[in-house]
1. Quick check, is residue A:29 outside any strand (DSSP E or B) and either hydroxyl-bearing (Ser, Thr, Tyr) or in contact with a Ser or Thr (Cβ under 9 Å, 6 or more places away or on another chain) (or both)?
2. Taking interchain pairs and intrachain pairs at least six residues apart, which have beta carbon atoms under 6 angstrom, with the first residue in the stretch B:43-68 and within 11 Å of chain A (Cβ to nearest Cβ) and the second charged (D, E, K, R)?
3. Can you tell me how many residues in the stretch A:27-57 are exposed (fewer than 15 other Cβ atoms within 10 Å of the Cβ) and aliphatic (A, V, I, L, M)?
4. Filter the stretch B:69-110 down to residues that are assigned to a strand (DSSP E or B), within 13 Å of chain A (Cβ to nearest Cβ) and under 30 Å from residue A:55 (Cα atoms), then give me how many there are.
5. Restricting attention to the stretch B:22-52, which residues are aromatic (Phe, Trp, Tyr) and either surrounded by fewer than 17 Cβ atoms within 10 Å (Cβ to Cβ) or in contact with a helix residue (DSSP H, G or I) (Cβ under 7 Å, 6 or more places away or on another chain) (or both)?
6. Do you know which of the residues in the stretch A:37-73 that are over 19 Å from residue B:96 (Cα atoms) and among the basic types (Lys, Arg) is farthest from the other protein chains (Cβ to nearest Cβ)?
7. Across the stretch A:87-103, which residue is nearest to residue A:35 (Cα to Cα) among those that are small (Gly, Ala, Ser) and touching a residue at least 40 places away in the same chain (Cβ under 8 Å)?
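The numbers here are math on the coordinates, done by the rules we state, and not lab data. As the structure is a prediction and not an experimental result, all values here were calculated from the model. Cβ atoms come from the backbone with ideal geometry, glycine included; neighbour counts cover every protein chain shown.
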Amino acid sequence: DTEVTQTPKHLVMGMTNKKSLKCEQHMGHRAMYWYKQKAKKPPELMFVYSYEKLSINESVPSRFSPECPNSSLLNLHLHALQPEDSALYLCASSRNDGQGNEKLFFGSGTQLSVL
Amino acid sequence: AQSVTQLGSHVSVSEGALVLLRCNYSSSVPPYLFWYVQYPNQGLQLLLKYTTGATLVKGINGFEAEFKKSETSFHLTKPSAHMSDAAEYFCAVAPGFQKLVFGTGTRLLVSP
């Protein structure tokens, strides 16, 4: 199993809603990532979890709240988002072998629209 | 800070023609460099990466890239384009552990 599975594939939410994005992998990877990709732009790193602990937070607003309940799951909780947060949210994982040149495995993403 | 620059937001080739996608890097130390491909409505997939050693790196789907320190380049090539190669291609550099910084991307268009 070399897949990273993200749900839902599409999400439309209002600015007062609370929703969660989910990501799952069963490759035994110990690093998991959230990236944000605006239309026609490259992905930008948001968060990294290493061994279920938050290791990188790229100064992301608090309306985005990541959670890593176990080594296979990664969630992104969303609250009070703004229309400019509409984007493709990509989850990725890697082995976390400390080499710094790891291959990232990406999910297909959740296309989020904030109304 | 390490970064990559991709020249050309769009590249158009005919099926069977040579594919050349350009990437230049900026780094004061030997970088880790990557090429990822993104098909429509999908995530990214690693094509190849350069770490150390051999400067000509072969990847999946017939792609290869050559690390040229003198030119600070890591251009992606494929001898013969297929229609299925049409996608967005991102060059990336790893400026730190678990950090990957992508270039702005090049959309490859393949015509029959």
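1. So residue A:29 fits the description; yes.
2. B:46/A:103
3. Within the stretch A:27-57, residues that are exposed (fewer than 15 other Cβ atoms within 10 Å of the Cβ) and aliphatic (A, V, I, L, M) number 3.
4. Matching residues across the stretch B:69-110 total 13.
5. B:39
6. Only one residue fits best here, namely A:63.
7. Out of the qualifying residues, it is A:92.
Results for (1) assigned to a strand (DSSP E or B); (2) farther than 25 Å from residue B:104 by Cβ, shown as yes or no for each residue.
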{"site": "A:6", "(1), (2)": "yes, no"}
{"site": "A:11", "(1), (2)": "yes, yes"}
{"site": "A:19", "(1), (2)": "yes, yes"}
{"site": "A:22", "(1), (2)": "yes, yes"}
{"site": "A:35", "(1), (2)": "yes, no"}
{"site": "A:40", "(1), (2)": "no, no"}
